[in-house]
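J.: So that we are looking at the same thing, I have put the structure below in structure tokens.
Where a number appears in this text, it was derived from the coordinates with a stated rule and is not lab data. If you're wondering where the values come from, they're calculated on a predicted model, not measured in any experiment. Cβ coordinates were reconstructed from backbone atoms using ideal geometry, including for glycine residues, and neighbour counts include every protein chain displayed.
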Amino acid sequence: MIGKSIRQRLVILTLFVLALALGGSFFIANRAFSNTLRETTYTQLANNATYLKTLLENDTYTIEPDRFDAYARATSLRITIVGKDGWVLYDSDYREADLDNHLYREEVQQALAIGNAVSERRSATQRLPVLYHAIRIDEDPDIAVLRLSTTLSQLTGYQKSYQSLFLGGLGLLVLLVTLITAVSIGMITRPLHRIKETAIRYANGELDARMHLDGPSEIAELATTMQDMAIRLRNTIDEVESSRQQVQAILDSMTEGILLVDSSLVIKVANQAAKNLLLQASDNAQSIEGLRLVQAIRSTEIVGACNNTLLEGKNHEVILAHHGHLFGETALLVGRSKTRILRLFAVPVWTDGQVTGVVLTVNDMTELKRLEQIRKDFVANVSHELKTPITAIAGFSQALMEGAQDNPDDRTHFLSIINRQATHMQRIVEDLLLLSSLEQQNTAPTRTWTAVGQIIEETVEACRFRAEQKHSRLEVSVDNPENLEIFANGMLVVQALSNLVVNAITYSGPETTIGIGATIDETDAVFTVSDSGPGIPKDAQQRIFERFYRVDAARSRSQGGTGLGLSIVKHIVGVHGGSVTVDSELGKGSTFTIRMPRGGMVPGTTF
Ligand code: ADP
């Protein structure tokens, strides 16, 4: 019955049980009836046999066929009288001459032996049981045994009537049983169908599907268990999904790129930083999970490192340049300025003693490398800046020791050179110390509410001497009708403005006018220093704020410049949360603008 539905199975089973019950009842009824019939018939045969024996032994009856025929007809029994030699002397149903010797008939033999005997045989023609009762006749010289027999022909009648009753009832019974069965099967299968439909919905991911069952308690329990299972499954899936999202959020918030590849080098996990660092800008929004590493990242070095990690189970490190979709030397050749330096670290993932994947971490070393380069350049620049004055001081002091001190003119000249170079060195060191103190992290300068007029006044005072030397005029214009103060370190702001004014005086010709302006409103303080000097070439305008950068190094040095002035301005403005810009045109002059919040540095601002 494999593959059949419950309904089919139950119908087949019910019909089978029904057939078995009906067949069984038919068999039992038949058996009971034939047994009773047999007993009654044997009693009837015995009674008649005893009666006829008495008649024969009392000589009331002799073998007179007519009388026996009449008796046989009246009782519907067959009467057979067997002689001493076994031959039939009389038979009510057959001609005696046609019958064979009956001496060895089972019942005859037994009757001769014990007086009475019964036996049953099946009639050859009707295929019905024939019952015999034989009785020994002792008081007659010719007769040995009297035998009475009859066919259980009523059985056929009974079976026929039972069959007609049975068939009639059968139809009704089948109808009734089918009806009851259909109703009970429906009661079981309907809720099962609903359970099946809900299970299919669960399998399709609709775990919120619910069912209301009022079927048998076992089926209702099954449905409740299934629903509980779906709820637990939904909770587990939600938990897994939420922890997956948490992990993804953690991974995406990391600045370090993370990639997980499996043993076939297929990418399983990639955080946003990894995509930003390894893919082209246009590609980094798309998902690379499921791609082979070599399809997503065309770098033989990276793929090779992962491969080696898989094979050897050891960490591998790769440092290489990346630009667009190019890696290594090619990337350096194509876009040196935009190339990023990446450090990749491949670590094996072990499961049960086997390497089953690789975690690849990606770090952007570009800024680190840039800072390293700046540090190297800075050391080189400082050495270079100090080398000239030190060489001069060493040279001239040696010349003095070797005799130049005896010549008063040489002595004065050499000593003045030594003094100038020492002063230059002192200025460089002072500027470097100031820059360093400004760069110290967490060192916010002490600030107070300072009058703008005072700042401008001190700036003019600090630069007056230099201006007078070049016969230049300092023209001040302050737009601050409400006399608003600024929250700043006045000394540093004066230092920044003085650097700008001194540059303006230094690089402009003699007898020019330098403009110093200040405009203060509720939120911002804007200071400008303008000159009509030589101006600054466009490509140098951004770089002049770098340390030791000079447009014309020789001229700067000859004027006592350290190359750090604008760098100091930028840092001072930075610690006040402001910005400095330059607007300059060659041959027409330059205007430097400092813009800073009036109330001090905006919290959290870095420079
Ligand atoms: P320096 O000590 O050489 O003046 P700065 O950092 O102050 O160093 O200036 C950097 C360079 O910017 C100067 O060497 C000079 O070439 C240029 N510069 C600065 N200010 C001006 C200006 N007002 N006009 C023209 N060039 C200027």
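J.: Within 10 Å, count the other beta carbons around each residue, average over each peptide in 164-177, 359-372, and list them highest first. Mind showing how you got there, number by number?
T.: Numbers: 164-177: 11.8, 359-372: 15.7.
Taking the mean over residues of other Cβ atoms within 10 Å, the ranking is 359-372, 164-177.
J.: If I stretch the segment between residue 100 and residue 193 completely, what's the gain in nm (0.36 nm per residue apart, minus their alpha carbon distance), one decimal?
T.: Numbers: separation 93, 0.36 × 93 = 33.48 nm, distance 7.48 nm.
Using 0.36 nm per residue and subtracting the Cα-Cα distance, I get 26.0 nm.
J.: Continuing with the same structure: Using 1/(1 + (r/R0)^6) with R0 = 35 angstrom and r between the beta carbons of residue 586 and residue 370, what's the FRET efficiency to the nearest 0.05? Show your work: numbers first, answer last.
T.: Numbers: r = 30 Å, r/R0 = 0.85.
According to the calculation, E is roughly 0.70.
J.: If you don't mind, another one. Under 19 Å from the 7 Å Cα→Cβ point of residue 21, by amide nitrogen: which residues of the range 179-204?
T.: 179-188
J.: In percent, how large is the relative contact order of the range 370-437, given Cα pairs closer than 8 Å and 6 or more residues apart? Each step should come with its number before you reach the end.
T.: Numbers: 27 pairs, mean separation 22.6, N = 68.
Computed over the range 370-437, the figure is 33 percent.
J.: Could you work out Rg/(2.2 N^0.38 Å) for the range 370-437, with Rg from alpha carbons only? Kindly include the intermediate steps, with their values, before the conclusion.
T.: Values: Rg = 15.7 Å, N = 68, 2.2 N^0.38 = 10.9 Å.
That ratio works out to 1.43.
J.: Here's another thing I want to ask about it. What does the charge add up to near residue 235, with Lys and Arg as +1, Asp and Glu as -1, over the other residues with Cβ less than 14 Å from its Cβ?
T.: Details: positive: 232, 234; negative: 208, 228, 238, 239, 241.
Overall, the nearby charge balance is -3.
J.: Output the relative contact order of the chain, whole-number percent, from Cα pairs under 8 angstrom with separation of 6+ residues. If you can, show how the numbers build up before the last one.
T.: Values: 863 pairs, mean separation 38.9, N = 607.
Averaging sequence separation for qualifying contacts and normalising by length gives 6 percent for the chain.
J.: Can you flag which of 338/570; 376/588; 338/376; 338/387 are past 31 Å Cα-Cα?
T.: 376/588; 338/387
J.: Can you compute 3J(HN,Hα) from phi for each residue in the range 300-305, using the Karplus curve 6.51 cos²θ - 1.76 cosθ + 1.60 with θ = phi - 60°, rounded to whole Hz and x for Gly and Pro?
T.: Along the range 300-305, the couplings run 5, 5, 5, 4, x, 4 Hz.
J.: Enumerate the amide H contacts of residue 84 below 5 Å, restricted to partners 5 or more residues apart or on another chain; note that Pro and chain-start residues carry no placed amide H.
T.: When sequence neighbours closer than 5 places are left aside, the close amide H contacts are 144.
J.: What Rg and what Dmax come out for the range 100-258 when only alpha-carbon atoms are used, in angstroms?
T.: Final numbers for Rg and Dmax: 41.0, 136 Å.
J.: Rounded, prolate or oblate: which fits the chain, taking a ≥ b ≥ c as square roots of the Cα gyration tensor eigenvalues, rounded meaning a/c under 1.5, else prolate when a/b beats b/c? Walk me through the numbers before you get to the answer.
T.: Working: a/c = 8.21, a/b = 4.88, b/c = 1.68.
Here the chain falls in the prolate category.
J.: While we're on this one: Name the residues whose placed amide hydrogens come within less than 5 Å of the amide hydrogen of residue 524, ignoring near sequence neighbours (fewer than 5 apart) on the same chain.
T.: Hits under the 5 Å cutoff: 598.
J.: Taking the Cα centre of the chain as origin and charging only Cβ (+1 Lys, Arg; -1 Asp, Glu), how large is the dipole, in debye to the nearest 20? Please report the intermediate quantities before stating the final value.
T.: On the way: 58 positive and 69 negative charges, 179 e Å.
For the chain, the charge dipole is close to 860 debye.
J.: Can you give the FRET efficiency to the nearest 0.05 for residue 176 and residue 93, using r as the Cβ-Cβ distance and R₀ = 30 Å?
T.: 0.05
J.: On a 0 to 90 degree scale, rounded to 10, what angle separates helix 217-253 from the longest Cα axis of the chain?
T.: In the chain, helix 217-253 runs at an angle near 20 degrees to the longest axis.
J.: Here's a follow-up. Normalised by the residues of the range 254-364, what does the relative contact order come to in percent, with Cα pairs under 8 Å and at least six apart? The partial results should precede the final answer.
T.: Working: 228 pairs, mean separation 33.2, N = 111.
Value for the range 254-364: 30 percent.
J.: Return the aspartates and glutamates within reach of residue 314: Cα separation strictly under 19 angstrom, same-chain partners fewer than 8 residues apart disregarded; answer none if there are no such residues.
T.: Reachable aspartates and glutamates: 262, 301, 352.
J.: Could you tell me how far the Cα centroid of the range 376-411 sits from the Cα centroid of the range 69-94, in Å?
T.: If you average the Cα positions of each part, the centres end up 172 Å apart.
J.: Straight distance only, please: which lysines reach the Cα of residue 84 with their own Cα at less than 24 Å, same-chain residues fewer than 8 apart left out?
T.: 53
J.: If you look at just the Cα atoms of the range 254-364, how large are its Rg and its Dmax in Å?
T.: Just the Cα atoms of the range 254-364 yield Rg and Dmax of 13.3, 46 Å.
J.: Take the Cα of residue 555, step 7 Å along the line toward its Cβ, and report every residue of the range 579-595 whose backbone nitrogen sits under 15 Å from that point.
T.: Under 15 Å, as judged by backbone N against the label point of residue 555, lie 584-591 of the range 579-595.
J.: With the crude spin-label approximation of a point 7 Å out along Cα→Cβ, what separation in nm comes out for residue 262 versus residue 469?
T.: Simple spin-label model gives 7.6 nm for this pair.
J.: Could you tell me, in Å, what Rg and Dmax come out for the Cα atoms of the range 302-402?
T.: My reading of the Cα-based Rg and Dmax gives 23.7, 82 Å.
J.: Under 17 Å between alpha carbons, and skipping anything fewer than 8 positions from residue 4 in its own chain: which lysines qualify?
T.: Answer for residue 4, where 17 Å is the Cα cut-off: 196, listed by chain and number.
J.: For residue 426 and residue 524, what is the calculated FRET efficiency with R₀ set at 30 Å and r taken between the beta-carbons, to the nearest 0.05? Write down the numbers at each step before the final one.
T.: Details: r = 36 Å, r/R0 = 1.20.
According to the calculation, E is roughly 0.25.
J.: Another one. So between residue 247 and residue 410, what do we pick up on full extension, going 0.36 nm a residue minus the alpha carbon distance?
T.: Difference between extended and current length: 50.9 nm.
J.: Quick one: Cα centre-to-centre distance for the range 496-542 and the range 447-485, in angstrom?
T.: For the range 496-542 versus the range 447-485, the Cα centre distance is 12 Å.
J.: Testing the spin-label approximation: label points 7 Å from Cα along Cα→Cβ at residue 55 and residue 513. State their distance in nm.
T.: Once both label points are built, they end up 17.8 nm from each other.
J.: Quick check for me: using +1 on Lys/Arg Cβ and -1 on Asp/Glu Cβ, what's the dipole size of the range 370-437 about its Cα centre, in debye to the nearest 20?
T.: Details: 7 positive and 9 negative charges, 67 e Å.
Dipole about the Cα centre, nearest 20: 320 debye.
J.: Over all directions, what mean area does the Cα convex hull of the range 513-607 project, stated in square nanometres? Don't skip to the answer; put the middle values down first.
T.: Values: hull surface 26.4 nm².
Computed as one quarter of the Cα hull surface, the answer is 6.6 nm².
J.: Multiply the residue gap between residue 287 and residue 204 by 0.36 nm, knock off their C-alpha separation, and tell me the result in nm, one decimal place. Walk me through the numbers before you get to the answer.
T.: Numbers: separation 83, 0.36 × 83 = 29.88 nm, distance 2.54 nm.
Using 0.36 nm per residue and subtracting the Cα-Cα distance, I get 27.3 nm.
J.: Can you compute the helix-only [θ] at 222 nm over the chain? Use -39500 (n - 2.57) per DSSP H run of at least 4 residues, normalise by all residues, nearest 500 deg cm²/dmol. It would help to have the intermediate numbers written out before the result.
T.: Working: 16 runs with 314 residues, N = 607.
Per the formula, -18000 deg cm²/dmol.
J.: Also, I was wondering about something else. What nm distance separates the two modelled labels at residue 73 and residue 394, each placed 7 Å from Cα along Cα→Cβ?
T.: 17.2
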